[in-house]
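Data first, discussion second: the structure below is written as structure tokens.
The values are calculated or read from the model by the stated rules, or taken from the named source; none is laboratory data. Everything numeric in this text was worked out from a predicted model, so none of it was measured. As a convention, Cβ positions derive from the backbone with ideal geometry for all residues, glycine included, and neighbour counts pool all protein chains shown.
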Amino acid sequence: MTAPTVLSPHDTTQFRSVLGHVPTSVAIVTAMSRGGPVGVTVGSFSSVSLDPPLVNFFIDRSSRTWPRLNESSTFTVNVLGAGHGHLCRAFSRRGVDRFDGVAWQPSEAGNPVLEDAMVALDCTRYKIDLLGDHIQVVGRVDAMQIRTAGLPLVFHRGDFLQFGAA
Ligand SMILES: Cc1cc2nc3c(=O)[nH]c(=O)nc-3n(C[C@H](O)[C@H](O)[C@H](O)COP(=O)(O)O)c2cc1C
């Protein structure tokens, strides 16, 4: 067995590197702001509670999208399937129209549901907490749909995981 590489959690580069080994799902959180549709890529989406049905994600306190997402008491989580890495990249870019060329329809709450989302969950904001340099956003799921069955988009060590043929 090779000796483990021991790194420091107090070094942000090393912290990122270690946590980058943990695979995550990729979701685009969307809402309708006064200025129009907004959305941001998150890898921190997860389920929280069955009863009531709660989910959460974490957004950086320095996010420019968060104040506009926060204008709305509802948001929609669009979980991406394999093959939609371009949406992950587009919605994490600054200074561009993230919805340019992206097909979407309004959810029941009016938030963008991306046509290519694998799963979409319409949520009402339930609780917000400051945790370190991030904000934990908990939502109660009001409506949800499976839009396509298939493999998920998985982010791992700075890239998308390629699934081999079974
Ligand atoms: C795969 C991936 C996962 C990400 N996960 C998060 C996340 O969970 N929380 C977050 O605040 N930003 C996350 N980001 C970064 C945001 O998508 C975005 O780049 C950043 O917030 C800057 O844009 P903003 O100022 O509009 O928020 C992620 C980016 C990528 C590519």
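Are there any pairs, at least 6 apart or on different chains, whose C-beta atoms fall under 6 Å, with the first in segment 138-163 and more than 19 Å from W104 (Cα to Cα) and the second modelled with pLDDT under 95 and not in a strand (DSSP E or B), and if so, which? Sorted first by the residue in segment 138-163, then by its partner, the pairs are L151/F163.
The number of residues in segment 99-138 that are within 16 Å of S72 (Cβ to Cβ) and not in a strand (DSSP E or B) comes to 6. Residues that are in contact with a Lys or Arg (Cβ under 6 Å, 6 or more places away or on another chain), over 19 Å from V141 (Cα atoms) and either touching a residue at least 12 places away in the same chain (Cβ under 8 Å) or within 13 Å of the ligand (Cβ to nearest atom) (or both) occur in segment 77-91; there is at least one.
Could you tell me whether R98 is over 17 Å from M144 (Cα atoms), surrounded by 13 or more Cβ atoms within 10 Å (Cβ to Cβ) and among the charged types (D, E, K, R)? It is true that R98 is over 17 Å from M144 (Cα atoms), surrounded by 13 or more Cβ atoms within 10 Å (Cβ to Cβ) and among the charged types (D, E, K, R).
Do you know which residues across segment 30-73 are more than 10 Å from the ligand (Cβ to nearest atom) and crowded, with 19+ Cβ neighbours inside 10 Å? T30, A31, M32, V55, N56, S72, listed by residue number.
Here's the yes/no breakdown for (1) charged (D, E, K, R); (2) buried (at least 16 other Cβ atoms within 10 Å of the Cβ); (3) on the phi < 0 side of the Ramachandran plot; (4) out of contact with any strand residue (DSSP E or B) (no Cβ under 6 Å at 6 or more places or on another chain):
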| site | (1), (2), (3), (4) |
| --- | --- |
| G81 | no, yes, yes, no |
| R94 | yes, no, yes, yes |
| V102 | no, yes, yes, yes |
| A117 | no, yes, yes, no |
| D142 | yes, no, yes, no |
| D159 | yes, no, yes, yes |
